[in-house]
Every structure is written in structure tokens, then in C-alpha cells.
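The values are calculated or read from the model by the stated rules, or taken from the named source; none is laboratory data. Computed from a predicted model, the values in this text were never measured in an experiment. Virtual Cβ from ideal backbone geometry, glycine too; neighbours counted across all protein chains shown. For accessibility, only protein heavy atoms count, side chains too; no ligands or nucleic acids. Shrake-Rupley method; radii C 1.70, N 1.55, O 1.52, S 1.80 Å.
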Amino acid sequence: MGCLRRASVDMLVAMTESQGPMADRPTASTASAAAVPEPAWAQEIIDDLTRLVAVPSIGAQAEHADDLARSASLVAELLSQAGCPEVQVLDDCSAPAVLGRYPAPPGAPTVCLYAHHDVQPVDLADWRTPPFQLTRVGERLYGRGAADDKGGLAAHLACLRRLGPNPPVGLTVFIEGEEEVGSPHVDQFLARYREQLRADVYVIADADNWDVGYPALTTSLRGVCLALVEVATLDHAVHSGQFGGVLPDALTTLCHLLASLHAPDGSVAVAGLEARTSFAVDYPDDRFRTEAGLLPGVAYLGQGSLADRLWAGPAITVIALDAPSLEQASNTLLPRARALVSLRVPPGLKADQALAQLTDHLQTHAPWGAQVQVTPAAAGDPAQIAVDGPFAQTALAAWGEAFGQTPALIGQGGSIPLVNQLSSVYPEASLIVSAVGDPDSRMHGANESVHFGDLIRSVEAEVAFIRRLGDAAQG
Ligand SMILES: [Zn+2]
């Protein structure tokens, strides 16, 4: 009995490759993407963003370590040019971050403006424009980090220029360099720079607006856990002809185990992970389908409103598999197989509780008595952000003034690790999780972009917010 005939493997590979990368999907609703009058200072945003996007500050790839350092120096230079009197690049306990400070006038609060200058990797094949060359197409600016999160950074820089050398409140600018890799050193960083980073309110411009021209403040973020699952059934590989039909191979067993994570309707089948919150927002189905790029005929997972499934409920995804590739395939029963499982943790549940539920499920659902080992790989708690305090109310008014539309209060399916750390280190402080991107910004994906009009409005919102706080401090 020979190995799997090479011919059929090549044919299989050829078949899948011929389908090519998924065709680009039509863009989202353009109704509210009308052009925004561009004030004279708007060109400065494009100049800043062009220089920032040109540096491939990809935190997850070691070959870009120099670019990350170069990016931090550029951020420091732009902050100084914007008028920030005190600027430091800090890389003694994390990837290079930048800290800028303006002293607070007597009796005025301090606002910390946060963004991150590290970006996600790119797959060049999928980009219509060069990812590290900011490209304007109509009202959108394309480039890696244009929305996530160099756009947020550019909005802060423009806000500082608008405010001038003597802002009416204390200002701290914190530009992180490792957000896209899960902020692994944020605890040490906050411990070491606790006093420099202390503020009354943190403006974290790193989420999503509801739509172009329709701002949003984020009130909750899901947490995230990663679990490495290893299944073992044999102590060595054996011939599938000789033993197949009697011995369970580890890869098929793992597939069965992973399949137990979801119910037939696609909802998460792990006990104890049910949603604990819900949202009064109705996510338009047609818009979601367009943004998400769901292929025709493919069904959604689970039950309930889209918003609740995306922001309030759990989500489990298999994000990696250790198994022979098609090229390496042979007619063998594999003794071991591994997978990396990602769990989005519902707000209201702790990450370690969720990880325990997932681990328990995996260990109690192993078919045919297979041995299962689960190793936690990462855990970040969900976050819930209050919007009833004076700072949040001022923010709602300021973003409403700048966009001409009261912000929607929405959740995020993703996580911003810093949010929880800030809440625990500065429990008295308020958090404003704002955005420059919109659902069509394709953050983390190919052809990332930001709507220029929204970028301008985001600057105006930050300026209005800070001026309102200054006026309030004056009494
Ligand atoms: Zn981000």
C-alpha cells in the first residue's frame, strides 16, 4: 500500500489555489460619506499620516523592530512640532512608547490622549494600493494603520495644534508601541510611569464609529483567551491501512473535539459562557453582510440580535492547527495533533473563569477516551465603561457637536488590553473609548482605510471636549 498518490495531492492543492483570494467585496453604505468641508489645517493631518503610515511599524514581526523604533522617534518629533513641551521615547520596559505632557493650569483636570503606533502585518497580494503609502481615493485614505491606529494618533496631533501651546487643561499623550501584540508589558509600564500617566480622563481613540458620519462611544469590550489544545491517541504513528477502522487517529479526534465547541445552530456549546449584557442597538443585516463579506448562502452562527452576538456573547474560533500540510500528507494515523482556540469573553465574565469553562469542556468532551491537554496561552478580561459621569457626558456633547449626531453607545467584539489596566491602576478616572475608523475601515485586513471627513470631525470633537472641560474648570 503506497502513500497518498502525489498526483491527487497536487491536484487538490491546485484546485484550492485556483480559487484565489476572496474577491473584494462592495464597500459599505456611502449615504453618509458625503464630503466634509476641509479646513486649512486638514492638510496637516494628511502630511502627518503620510509620514506615519510610511513606516512599517509591525510589532508582531521581529524584522520590523528597527521600524518600530523609527516610528516612535517620528511620533516624538511630530508631538514636539505640534507644540508639546515635554516629549520622551520610553523603551526600557516595553516596545518603544512615546509620552508627551503639558502641565495642567491650576484647578484644571488632566486629559490623557491615547493611541498606538504599532500596526498589524500585511499580505501585499490583497492590497489595491501600496499599504505603506497613504493613498487618497475619494473621501477615504488608504494605508496600514490609517484607521488602526495611526489615524487616532494623527487626530490627537491635529487636536494639539488646534489647542496651541497653552491648552485649558493638563494634557498627557501616551502612544503605545505594542497594542497589536496584546500589550504584554503594559502592567510594568503603568507601574513604572504611574505618576506621569495619571489623569482624570483617558481618551482612547482606538475603536469603531457606528458608521461614516455617525460617531460612537464604546461602552464594552469583550475579553480574549487563547488555549492550546493537544490531543493524543497513540504513542507513535501507524499505517492507516493496517490499523484504520479500529484505532482513532489524533487529528480526526481533535476535529471531533473542536466540533463539540459549537451547537448545530452555531451557538457556543460551552457551558457557563452565556451573555450577561445586551444592547439596544440594531445592527442592519444588509450592512453587516456587506461589511463582513459573508459569501452568499453562508449562514450566521447562533441566535439573537447581531449586536448582542457580536458584543455581548461569547465567540469561539479555531485560529491555528498543527497538522501535516497537504504536501506532507501520507496514509498514516497521526498520534498527536494540536490546535489553538480563541475565545472572545462576554462582558461581565472574568477571562480566567471563561478559560476554566473552556478547559473543562475540552477535557470532558474528548471522544473515544483520547488524552487531552489544554494549555492557557493568553487571557485578557472584558471591560465595561461607564458613560453616566461628567466627563462622559461632556464627551457625548462634544462628539455630538462635531458630528452633528449624538454618538451611538456600542460594544466592541474585540479587546483593548490597556482599558482594564487603566481602570485598575486609576479607579477614579473616566475612560472615553472613541474612534476615527468606521465599520468599512477593514482594520487588521487588506485595504485598510479611514474616512477623511470623519478624521476631521474627530479632531473637532477632541478640541470641543477639551475646551468644554477648560470652560467648566474656569467655572
Ligand atoms: Zn488598534
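Just a few scattered comments:
- Within segment 240-271, being under 36 Å from the mean Cα position of the chain (by Cα) and polar (S, T, N, Q) holds for T252, T253, S260, S267.
Residue by residue, here is whether (1) within 16 Å of the ligand (Cβ to nearest atom); (2) over 30 Å from W399 (Cα atoms); (3) touching a helix residue (DSSP H, G or I) at 6+ places or on another chain (Cβ under 7 Å) holds:
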position	(1), (2), (3)
A199	no, no, no
A205	yes, no, yes
T218	yes, no, no
E230	no, yes, no
V238	no, yes, no
L251	no, yes, no
H256	no, yes, yes
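- Filtering D66, D92 for residues that are part of a loop (DSSP other than H, G, I, E, B), acidic (D, E) and exposed (fewer than 15 other Cβ atoms within 10 Å of the Cβ) leaves a single hit, D92.
- Condition met for L141 (of a type in the set (A, V, I, L, M) and free of Cβ contacts under 8 Å to residues at least 24 places away in the same chain): no
- Looking only at residues of segment 180-189 that are within 16 Å of the ligand (Cβ to nearest atom) and among the hydrophobic types (A, V, I, L, M, F, W, C), we find that the one that is least open to solvent (accessible area, probe 1.4 Å) is V186.
- Count of residues meeting criterion [outside any loop (DSSP other than H, G, I, E, B) and within 14 Å of the ligand (Cβ to nearest atom)] in segment 98-128: 4
- The residue list S220, S260 contains one member that is touching a Gly at 6+ places or on another chain (Cβ under 9 Å) and either surrounded by 14 or more Cβ atoms within 10 Å (Cβ to Cβ) or not assigned by TED's automatic domain parsing to the domain that holds P417 (or both), which is S220.
- Test: residue in segment 142-159 that is in a helix (DSSP H, G or I), more than 16 Å from the ligand (Cβ to nearest atom) and under 16 Å from Y202 (Cα atoms): yes
- In segment 276-294, residue surrounded by the most Cβ atoms within 10 Å (Cβ to Cβ) [restricted to those that are in contact (Cβ under 8 Å) with a residue 12 or more places away in the chain and part of a loop (DSSP other than H, G, I, E, B)]: F279
- Residues being in a helix (DSSP H, G or I) and either farther than 26 Å from V463 by Cβ or open to solvent by less than 60 Å² (accessible area, probe 1.4 Å) (or both) - total across segment 69-89: 10
- Pairs with Cβ under 7 Å, 6+ apart, first in segment 190-209 and within 16 Å of V387 (Cα to Cα) and open to solvent by less than 10 Å² (accessible area, probe 1.4 Å), second away from the ligand (no atom under 15 Å from the Cβ) and among the polar types (S, T, N, Q): V201/S430
- Check on Q373, assigned to a helix (DSSP H, G or I), modelled with pLDDT of 95 or more and open to solvent by 20 Å² or more (accessible area, probe 1.4 Å): no
- Matching option when the condition is among the acidic types (D, E) and touching a Cys at 6+ places or on another chain (Cβ under 7 Å), among E462, E428, E448, E401: E462
- Lone unmet requirement of (1) touching a residue at least 40 places away in the same chain (Cβ under 8 Å); (2) hydroxyl-bearing (S, T, Y); (3) surrounded by fewer than 20 Cβ atoms within 10 Å (Cβ to Cβ) for S434: (3)
Per-residue answers, yes or no, for (1) more than 16 Å from the ligand (Cβ to nearest atom); (2) of a type in the set (V, I, T); (3) on the phi > 0 side of the Ramachandran plot:
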position: I416; (1), (2), (3): no, yes, no
position: E428; (1), (2), (3): yes, no, no
position: L431; (1), (2), (3): no, no, no
position: V436; (1), (2), (3): no, yes, no
position: M443; (1), (2), (3): no, no, no
position: A461; (1), (2), (3): yes, no, no
position: R468; (1), (2), (3): yes, no, no
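- When G164, G244, G177 are screened for being more than 16 Å from the ligand (Cβ to nearest atom), of a type in the set (G, A, S) and not assigned by TED's automatic domain parsing to the domain that holds L340, only G164 passes.
- Summed over segment 441-454, the residues that are open to solvent by less than 20 Å² (accessible area, probe 1.4 Å) and touching a helix residue (DSSP H, G or I) at 6+ places or on another chain (Cβ under 6 Å) give a count of 1.
- Residue pairs meeting the criteria (Cβ under 9 Å; at least 6 apart or on separate chains; first closer than 8 Å to I204 by Cα, in segment 109-120; second more than 8 Å from the ligand (Cβ to nearest atom) and among the acidic types (D, E)): L113/E462; Y114/E176; A115/E176
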